[in-house]
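Q: Quick one: structure below, then a few questions.
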Amino acid sequence: MTQHLFSPLQVGQISLDHRVAMAPLTRSRAGQPGNVPTQLNVEYYRQRASAALIISEATQISQQGQGYAWTPGIHSEEQIEGWKAVSSAVHAEGGTIFLQLWHVGRVSHPVFQPDGALPVPQELTLAGIREIVEDYRRAARNALTAGMDGVEIHAGNGYLLDQFINSGSNHRQDIYGGSIENRARLLLEVVEAVSDEVGAQRVGVRLTPMGRFMGMGDATPEATFGYIARKLNDWNLAYLHLVEPAIVGTVKDEQFDPRWDAIIELLRDEYRGVLMLAGGYDRDSAEQALASGRADIIAFGRPFISNPDLPARLRADQPLNPADGTTFFGGDAKGYTDYPALA
(Lines give C-alpha, C1' and ligand atoms only; values in the text may rest on other atoms or scores of the structure.)
Protein backbone atom coordinates (compact mmCIF):
# COMPACT_ATOMS: atom_id res chain seq x y z
CA MET A 1 0.00 0.00 0.00
CA THR A 2 1.23 3.50 -0.83
CA GLN A 3 -1.91 5.50 -0.14
CA HIS A 4 -0.03 8.04 1.99
CA LEU A 5 3.00 8.32 -0.32
CA PHE A 6 0.70 9.17 -3.20
CA SER A 7 -1.65 11.58 -1.48
CA PRO A 8 -1.48 15.32 -2.27
CA LEU A 9 0.22 17.90 -0.04
CA GLN A 10 0.45 21.68 0.08
CA VAL A 11 4.03 22.94 0.56
CA GLY A 12 4.08 26.71 0.87
CA GLN A 13 2.27 27.99 -2.19
CA ILE A 14 2.94 24.80 -4.16
CA SER A 15 0.48 21.92 -4.47
CA LEU A 16 2.26 18.57 -4.69
CA ASP A 17 0.37 15.59 -6.04
CA HIS A 18 2.41 13.05 -4.04
CA ARG A 19 5.07 12.93 -1.30
CA VAL A 20 8.13 11.32 -2.91
CA ALA A 21 10.74 14.10 -2.90
CA MET A 22 14.24 13.94 -4.34
CA ALA A 23 16.85 14.64 -1.67
CA PRO A 24 19.82 16.93 -2.38
CA LEU A 25 22.64 14.85 -3.87
CA THR A 26 26.16 16.11 -4.51
CA ARG A 27 27.25 14.57 -7.83
CA SER A 28 30.29 16.73 -8.66
CA ARG A 29 29.58 17.27 -12.34
CA ALA A 30 29.39 21.05 -12.69
CA GLY A 31 31.01 22.45 -15.85
CA GLN A 32 34.50 23.94 -15.69
CA PRO A 33 35.77 26.57 -15.47
CA GLY A 34 33.28 28.41 -13.30
CA ASN A 35 31.26 25.59 -11.63
CA VAL A 36 28.43 26.16 -14.13
CA PRO A 37 25.52 23.70 -14.69
CA THR A 38 25.70 22.17 -18.18
CA GLN A 39 23.37 20.31 -20.55
CA LEU A 40 24.38 17.08 -18.81
CA ASN A 41 23.01 18.48 -15.53
CA VAL A 42 19.89 19.69 -17.34
CA GLU A 43 19.19 16.17 -18.60
CA TYR A 44 19.82 14.62 -15.16
CA TYR A 45 17.25 16.83 -13.45
CA ARG A 46 14.80 16.62 -16.36
CA GLN A 47 14.77 12.83 -16.08
CA ARG A 48 13.83 13.09 -12.38
CA ALA A 49 11.10 15.73 -12.74
CA SER A 50 8.38 13.28 -11.63
CA ALA A 51 9.58 13.77 -8.03
CA ALA A 52 6.98 15.63 -5.97
CA LEU A 53 9.76 18.14 -5.26
CA ILE A 54 13.38 18.10 -6.41
CA ILE A 55 15.87 19.61 -3.98
CA SER A 56 18.98 20.37 -6.00
CA GLU A 57 22.47 19.33 -5.10
CA ALA A 58 24.13 21.66 -2.59
CA THR A 59 25.09 24.87 -4.39
CA GLN A 60 27.65 27.31 -3.02
CA ILE A 61 26.43 30.86 -2.32
CA SER A 62 29.88 32.35 -2.98
CA GLN A 63 33.35 31.32 -4.04
CA GLN A 64 34.32 31.38 -0.36
CA GLY A 65 31.59 28.83 0.35
CA GLN A 66 32.99 26.06 -1.90
CA GLY A 67 34.52 22.96 -0.33
CA TYR A 68 34.54 20.29 -3.03
CA ALA A 69 35.59 20.01 -6.66
CA TRP A 70 33.08 20.36 -9.52
CA THR A 71 30.17 21.52 -7.33
CA PRO A 72 27.92 24.23 -8.80
CA GLY A 73 27.48 27.79 -7.57
CA ILE A 74 24.73 30.40 -7.73
CA HIS A 75 26.84 33.56 -7.50
CA SER A 76 27.81 34.30 -11.11
CA GLU A 77 25.79 35.22 -14.19
CA GLU A 78 26.97 32.07 -15.96
CA GLN A 79 25.79 29.91 -13.05
CA ILE A 80 22.40 31.63 -13.01
CA GLU A 81 21.99 30.93 -16.73
CA GLY A 82 23.04 27.31 -16.24
CA TRP A 83 20.49 26.79 -13.49
CA LYS A 84 17.85 28.58 -15.58
CA ALA A 85 18.19 25.82 -18.18
CA VAL A 86 17.77 23.20 -15.42
CA SER A 87 14.63 24.78 -13.95
CA SER A 88 13.12 25.27 -17.42
CA ALA A 89 13.61 21.59 -18.24
CA VAL A 90 12.10 20.47 -14.92
CA HIS A 91 9.11 22.78 -15.35
CA ALA A 92 8.56 21.60 -18.93
CA GLU A 93 8.10 18.10 -17.50
CA GLY A 94 5.64 19.38 -14.88
CA GLY A 95 8.14 19.24 -12.01
CA THR A 96 9.01 21.49 -9.07
CA ILE A 97 12.55 22.31 -7.95
CA PHE A 98 14.15 24.11 -4.98
CA LEU A 99 17.84 25.09 -5.02
CA GLN A 100 19.84 24.12 -1.93
CA LEU A 101 22.02 26.99 -0.64
CA TRP A 102 25.41 25.95 0.77
CA HIS A 103 28.42 27.41 2.54
CA VAL A 104 30.84 24.76 3.79
CA GLY A 105 32.59 26.97 6.36
CA ARG A 106 35.70 25.22 7.69
CA VAL A 107 35.31 22.29 5.26
CA SER A 108 37.37 23.80 2.45
CA HIS A 109 40.82 23.94 0.84
CA PRO A 110 43.04 26.75 -0.54
CA VAL A 111 42.42 25.64 -4.14
CA PHE A 112 38.79 26.74 -3.81
CA GLN A 113 39.34 30.02 -1.98
CA PRO A 114 39.63 33.44 -3.64
CA ASP A 115 43.34 34.14 -4.27
CA GLY A 116 44.18 30.75 -2.74
CA ALA A 117 43.56 32.04 0.79
CA LEU A 118 44.50 29.54 3.48
CA PRO A 119 41.23 28.44 5.11
CA VAL A 120 42.59 27.44 8.49
CA PRO A 121 39.47 27.30 10.65
CA GLN A 122 39.20 30.68 12.32
CA GLU A 123 36.52 32.68 14.06
CA LEU A 124 34.55 34.80 11.63
CA THR A 125 34.51 38.51 12.40
CA LEU A 126 31.14 40.18 12.91
CA ALA A 127 31.66 41.96 9.59
CA GLY A 128 32.42 38.60 7.96
CA ILE A 129 29.20 37.15 9.35
CA ARG A 130 27.19 40.06 7.97
CA GLU A 131 28.76 39.54 4.55
CA ILE A 132 27.83 35.85 4.58
CA VAL A 133 24.22 36.63 5.54
CA GLU A 134 24.10 38.97 2.53
CA ASP A 135 25.64 36.22 0.36
CA TYR A 136 22.72 33.96 1.33
CA ARG A 137 20.27 36.74 0.52
CA ARG A 138 21.87 37.34 -2.89
CA ALA A 139 22.04 33.61 -3.65
CA ALA A 140 18.32 33.22 -2.90
CA ARG A 141 17.52 36.10 -5.23
CA ASN A 142 19.75 34.55 -7.90
CA ALA A 143 17.98 31.20 -7.50
CA LEU A 144 14.61 32.76 -8.23
CA THR A 145 16.12 34.66 -11.15
CA ALA A 146 17.21 31.23 -12.38
CA GLY A 147 13.58 30.09 -12.29
CA MET A 148 13.72 28.02 -9.12
CA ASP A 149 10.45 27.48 -7.23
CA GLY A 150 12.21 28.08 -3.93
CA VAL A 151 15.39 27.49 -1.93
CA GLU A 152 16.50 25.18 0.86
CA ILE A 153 18.95 26.54 3.43
CA HIS A 154 21.48 23.78 4.16
CA ALA A 155 22.07 24.01 7.92
CA GLY A 156 23.33 20.48 8.52
CA ASN A 157 26.08 17.95 7.80
CA GLY A 158 28.85 19.86 9.57
CA TYR A 159 28.86 22.84 7.21
CA LEU A 160 28.91 26.52 8.20
CA LEU A 161 25.49 26.98 9.78
CA ASP A 162 25.74 23.61 11.55
CA GLN A 163 29.19 24.61 12.84
CA PHE A 164 27.56 27.58 14.57
CA ILE A 165 24.63 25.53 15.92
CA ASN A 166 26.56 22.71 17.59
CA SER A 167 28.24 23.28 20.95
CA GLY A 168 31.02 20.88 19.97
CA SER A 169 32.23 23.16 17.19
CA ASN A 170 31.11 26.64 18.33
CA HIS A 171 33.47 28.03 20.96
CA ARG A 172 32.72 31.71 20.38
CA GLN A 173 32.44 34.13 23.31
CA ASP A 174 30.27 36.76 21.61
CA ILE A 175 26.60 37.00 20.58
CA TYR A 176 27.05 34.03 18.21
CA GLY A 177 28.41 31.61 20.84
CA GLY A 178 27.68 30.11 24.22
CA SER A 179 23.92 29.91 24.75
CA ILE A 180 21.55 28.00 22.46
CA GLU A 181 19.98 31.31 21.42
CA ASN A 182 23.38 32.65 20.41
CA ARG A 183 24.46 29.51 18.55
CA ALA A 184 21.19 29.49 16.58
CA ARG A 185 21.46 33.21 15.80
CA LEU A 186 23.29 32.92 12.46
CA LEU A 187 20.83 30.36 11.06
CA LEU A 188 17.88 32.51 12.10
CA GLU A 189 19.47 35.63 10.58
CA VAL A 190 19.94 33.72 7.32
CA VAL A 191 16.33 32.50 7.41
CA GLU A 192 15.18 36.08 7.98
CA ALA A 193 17.29 37.48 5.14
CA VAL A 194 16.33 34.77 2.65
CA SER A 195 12.64 34.96 3.60
CA ASP A 196 12.71 38.74 3.19
CA GLU A 197 14.20 38.29 -0.26
CA VAL A 198 12.05 35.54 -1.77
CA GLY A 199 9.14 35.01 0.64
CA ALA A 200 9.11 32.51 3.50
CA GLN A 201 6.77 30.13 1.67
CA ARG A 202 9.54 29.57 -0.87
CA VAL A 203 12.07 28.63 1.83
CA GLY A 204 12.92 25.29 3.42
CA VAL A 205 15.56 24.54 6.07
CA ARG A 206 17.58 21.33 6.38
CA LEU A 207 18.96 20.26 9.77
CA THR A 208 20.85 17.17 10.92
CA PRO A 209 20.11 16.91 14.66
CA MET A 210 22.60 14.61 16.39
CA GLY A 211 24.46 14.13 13.11
CA ARG A 212 28.16 13.26 13.54
CA PHE A 213 29.39 14.04 10.00
CA MET A 214 32.44 16.36 9.96
CA GLY A 215 32.93 15.94 13.69
CA MET A 216 29.65 17.51 14.78
CA GLY A 217 28.14 17.07 18.22
CA ASP A 218 25.96 19.02 20.62
CA ALA A 219 25.81 18.71 24.41
CA THR A 220 22.03 19.21 24.59
CA PRO A 221 20.54 18.31 21.19
CA GLU A 222 16.95 18.13 22.46
CA ALA A 223 17.14 21.68 23.81
CA THR A 224 19.18 23.07 20.91
CA PHE A 225 17.11 21.70 18.04
CA GLY A 226 13.85 22.04 19.95
CA TYR A 227 14.58 25.77 20.27
CA ILE A 228 15.39 26.05 16.55
CA ALA A 229 12.20 24.20 15.56
CA ARG A 230 10.10 26.53 17.71
CA LYS A 231 11.77 29.64 16.30
CA LEU A 232 11.29 28.47 12.71
CA ASN A 233 7.53 28.60 13.33
CA ASP A 234 7.84 32.41 13.23
CA TRP A 235 8.16 32.40 9.43
CA ASN A 236 5.56 29.99 7.98
CA LEU A 237 8.25 28.31 5.88
CA ALA A 238 7.62 25.83 3.08
CA TYR A 239 9.02 22.97 5.19
CA LEU A 240 11.58 21.75 7.72
CA HIS A 241 13.82 18.94 6.44
CA LEU A 242 15.52 16.56 8.91
CA VAL A 243 18.03 13.82 8.17
CA GLU A 244 17.72 10.55 10.05
CA PRO A 245 20.99 9.91 11.95
CA ALA A 246 21.28 6.36 10.64
CA ILE A 247 23.06 7.96 7.67
CA VAL A 248 26.40 9.80 8.06
CA GLY A 249 27.37 11.42 4.76
CA THR A 250 26.71 8.57 2.33
CA VAL A 251 27.13 5.57 4.64
CA LYS A 252 25.03 3.85 7.27
CA ASP A 253 25.93 4.82 10.84
CA GLU A 254 25.61 1.85 13.18
CA GLN A 255 26.55 4.04 16.18
CA PHE A 256 23.76 6.62 15.97
CA ASP A 257 22.36 7.97 19.22
CA PRO A 258 19.32 6.00 20.47
CA ARG A 259 17.69 9.27 21.60
CA TRP A 260 16.95 10.06 17.96
CA ASP A 261 13.38 8.77 17.91
CA ALA A 262 12.50 10.94 20.89
CA ILE A 263 14.07 13.95 19.18
CA ILE A 264 12.04 13.36 16.01
CA GLU A 265 8.88 13.24 18.11
CA LEU A 266 9.95 16.39 19.94
CA LEU A 267 10.64 18.31 16.72
CA ARG A 268 7.44 16.96 15.17
CA ASP A 269 5.58 18.44 18.15
CA GLU A 270 7.50 21.73 18.21
CA TYR A 271 7.41 22.49 14.48
CA ARG A 272 3.95 23.33 13.20
CA GLY A 273 4.63 23.21 9.45
CA VAL A 274 5.40 20.53 6.85
CA LEU A 275 8.08 18.09 8.07
CA MET A 276 10.27 16.26 5.56
CA LEU A 277 12.47 13.32 6.54
CA ALA A 278 15.35 11.74 4.61
CA GLY A 279 17.88 9.02 5.31
CA GLY A 280 17.71 5.40 4.23
CA TYR A 281 13.98 5.14 3.49
CA ASP A 282 12.45 2.53 1.21
CA ARG A 283 8.86 2.16 -0.06
CA ASP A 284 7.50 0.43 3.05
CA SER A 285 9.31 2.47 5.70
CA ALA A 286 8.35 5.70 3.92
CA GLU A 287 4.67 4.72 3.84
CA GLN A 288 4.85 3.75 7.52
CA ALA A 289 6.47 7.08 8.47
CA LEU A 290 3.73 9.02 6.70
CA ALA A 291 0.92 6.85 8.05
CA SER A 292 2.17 7.25 11.63
CA GLY A 293 2.54 11.02 11.33
CA ARG A 294 6.31 10.89 11.78
CA ALA A 295 6.68 12.96 8.59
CA ASP A 296 4.60 14.71 5.92
CA ILE A 297 6.95 14.05 3.00
CA ILE A 298 9.88 11.65 2.46
CA ALA A 299 13.00 12.57 0.51
CA PHE A 300 14.81 9.74 -1.26
CA GLY A 301 18.48 10.08 -2.18
CA ARG A 302 20.35 7.12 -3.63
CA PRO A 303 17.20 5.46 -5.03
CA PHE A 304 16.73 8.57 -7.20
CA ILE A 305 20.31 8.31 -8.50
CA SER A 306 19.65 4.97 -10.18
CA ASN A 307 15.89 5.29 -10.73
CA PRO A 308 14.99 8.50 -12.57
CA ASP A 309 11.33 7.36 -12.52
CA LEU A 310 11.36 6.42 -8.82
CA PRO A 311 7.78 7.58 -8.06
CA ALA A 312 6.36 5.36 -10.82
CA ARG A 313 8.37 2.39 -9.55
CA LEU A 314 7.22 2.91 -5.96
CA ARG A 315 3.59 3.35 -7.00
CA ALA A 316 3.64 0.15 -9.07
CA ASP A 317 5.87 -1.73 -6.58
CA GLN A 318 8.43 -2.43 -9.31
CA PRO A 319 12.05 -3.44 -8.61
CA LEU A 320 14.65 -0.69 -8.39
CA ASN A 321 17.82 -0.39 -10.44
CA PRO A 322 20.88 -0.86 -8.22
CA ALA A 323 23.12 2.21 -7.88
CA ASP A 324 26.78 2.17 -8.94
CA GLY A 325 28.63 3.82 -6.05
CA THR A 326 31.80 4.28 -8.10
CA THR A 327 30.01 6.90 -10.23
CA PHE A 328 28.36 8.90 -7.43
CA PHE A 329 30.93 11.72 -7.45
CA GLY A 330 32.44 13.14 -10.62
CA GLY A 331 32.61 11.77 -14.13
CA ASP A 332 30.33 11.94 -17.15
CA ALA A 333 26.97 10.52 -18.20
CA LYS A 334 27.90 7.04 -16.94
CA GLY A 335 26.06 6.45 -13.69
CA TYR A 336 24.39 9.85 -14.05
CA THR A 337 21.95 10.04 -16.95
CA ASP A 338 22.17 6.47 -18.32
CA TYR A 339 20.00 4.59 -15.78
CA PRO A 340 16.94 3.11 -17.52
CA ALA A 341 13.34 4.08 -16.76
CA LEU A 342 10.53 1.53 -16.83
CA ALA A 343 9.49 0.53 -20.32
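Q: Mind telling me which of the residues R283, R259, R294, R302 ends up being among the basic types (K, R) and in contact with a strand residue (DSSP E or B) (Cβ under 8 Å, 6 or more places away or on another chain)?
A: Details: R283 fails: in contact with a strand residue (DSSP E or B) (Cβ under 8 Å, 6 or more places away or on another chain); R259 fails: in contact with a strand residue (DSSP E or B) (Cβ under 8 Å, 6 or more places away or on another chain); R302 fails: in contact with a strand residue (DSSP E or B) (Cβ under 8 Å, 6 or more places away or on another chain).
Just a single option satisfies the conditions, and that option is R294.
Q: Here's a follow-up. Checking the structure you have, find out if any residue of the stretch 144-159 is open to solvent by less than 20 Å² (accessible area, probe 1.4 Å) and farther than 28 Å from G280 by Cβ.
A: Scanning the stretch 144-159 turns up at least one residue that is open to solvent by less than 20 Å² (accessible area, probe 1.4 Å) and farther than 28 Å from G280 by Cβ.
Q: Might you let me know whether the stretch 315-326 holds any residue that is farther than 19 Å from G279 by Cβ and either touching a Pro at 6+ places or on another chain (Cβ under 6 Å) or among the basic types (K, R) (or both)?
A: Checked against the condition, which is being farther than 19 Å from G279 by Cβ and either touching a Pro at 6+ places or on another chain (Cβ under 6 Å) or among the basic types (K, R) (or both), the stretch 315-326 yields at least one hit.
Q: Ok, one more. Open to solvent by 20 Å² or more (accessible area, probe 1.4 Å) and closer than 13 Å to L5 by Cβ - does that describe any residue in the stretch 323-343?
A: Our first condition is that a residue be open to solvent by 20 Å² or more (accessible area, probe 1.4 Å); within the stretch 323-343, this holds for 323-326, 328-329, 331-334, 337-343.
Add one more test, that the residue is closer than 13 Å to L5 by Cβ, and what stays is none.
No, the stretch 323-343 contains no residue that is open to solvent by 20 Å² or more (accessible area, probe 1.4 Å) and closer than 13 Å to L5 by Cβ.
Q: A further question follows. Test D284 against the criterion of being of a type outside the set (K, R), part of a helix (DSSP H, G or I) and either within 24 Å of Q3 (Cβ to Cβ) or at pLDDT 95 or above (or both), and give yes or no.
A: Judged against the criteria, D284 is a match.
Q: Please find, within the stretch 281-294, the residue that is nearest to L53 (Cα to Cα) out of those that are surrounded by fewer than 20 Cβ atoms within 10 Å (Cβ to Cβ) and in contact with a helix residue (DSSP H, G or I) (Cβ under 9 Å, 6 or more places away or on another chain).
A: Looking at the filtered set, the residue picked out is D282.
Q: Out of all the residues in the stretch 264-302, which are without any contact (Cβ under 8 Å) to a residue 24 or more places away in the chain and on the phi > 0 side of the Ramachandran plot?
A: none
Q: Quick check on my filter: what residues within the stretch 295-306 are open to solvent by 20 Å² or more (accessible area, probe 1.4 Å) and either in a helix (DSSP H, G or I) or modelled with pLDDT under 95 (or both)? Please lay out each step first, then the result.
A: Start the filter on the stretch 295-306 by keeping residues that are open to solvent by 20 Å² or more (accessible area, probe 1.4 Å), which leaves 296, 302-303.
Listed by number, the residues that qualify are R302, P303.
Q: Being out of contact with any Lys or Arg (no Cβ under 9 Å at 6 or more places or on another chain), hydrophobic (A, V, I, L, M, F, W, C) and surrounded by fewer than 13 Cβ atoms within 10 Å (Cβ to Cβ) is the filter here, so list the residues in the stretch 120-134 that pass it.
A: Matches in the stretch 120-134: L126, A127.
Each row is one residue, and each column tells you yes or no for (1) surrounded by 22 or more Cβ atoms within 10 Å (Cβ to Cβ); (2) of a type outside the set (A, V, I, L, M); (3) within 16 Å of the chain's Cα centre (by Cα); (4) more than 30 Å from S15 (Cβ to Cβ).
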site	(1), (2), (3), (4)
G168	no, yes, no, yes
S179	no, yes, no, yes
N182	no, yes, no, yes
L186	yes, no, no, yes
E192	no, yes, no, no
L207	yes, no, yes, no
G211	yes, yes, yes, yes
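Q: May I pose another question? Looking only at strands (runs of 3 or more DSSP E) that fall completely inside the stretch 1-119, which ones have 3 or more residues that are open to solvent by 30 Å² or more (accessible area, probe 1.4 Å), closer than 29 Å to G273 by Cβ and at pLDDT below 95? Spell out the reasoning first.
A: Values: elements: 9-11, 14-16, 20-22, 54-60, 97-102.
Hits in the stretch 1-119: none.
Q: A follow-up question, please. Can you name the residue in the stretch 249-280 that is of a type in the set (V, I, T) and either assigned to a loop (DSSP other than H, G, I, E, B) or open to solvent by 30 Å² or more (accessible area, probe 1.4 Å) (or both) and, of all such residues, is modelled with the highest pLDDT?
A: Within the stretch 249-280, the match that is modelled with the highest pLDDT is V274.
The values are calculated or read from the model by the stated rules, or taken from the named source; none is laboratory data. Remember, predicted model here, so these are calculated numbers, not experimental data. For neighbour counting, all protein chains shown are included, and Cβ atoms are generated from backbone atoms with ideal geometry for every residue, glycine included. To get the accessible areas, we keep the full protein, side chains included, count just its heavy atoms, and leave off ligands, DNA and RNA. Shrake-Rupley method; radii C 1.70, N 1.55, O 1.52, S 1.80 Å.
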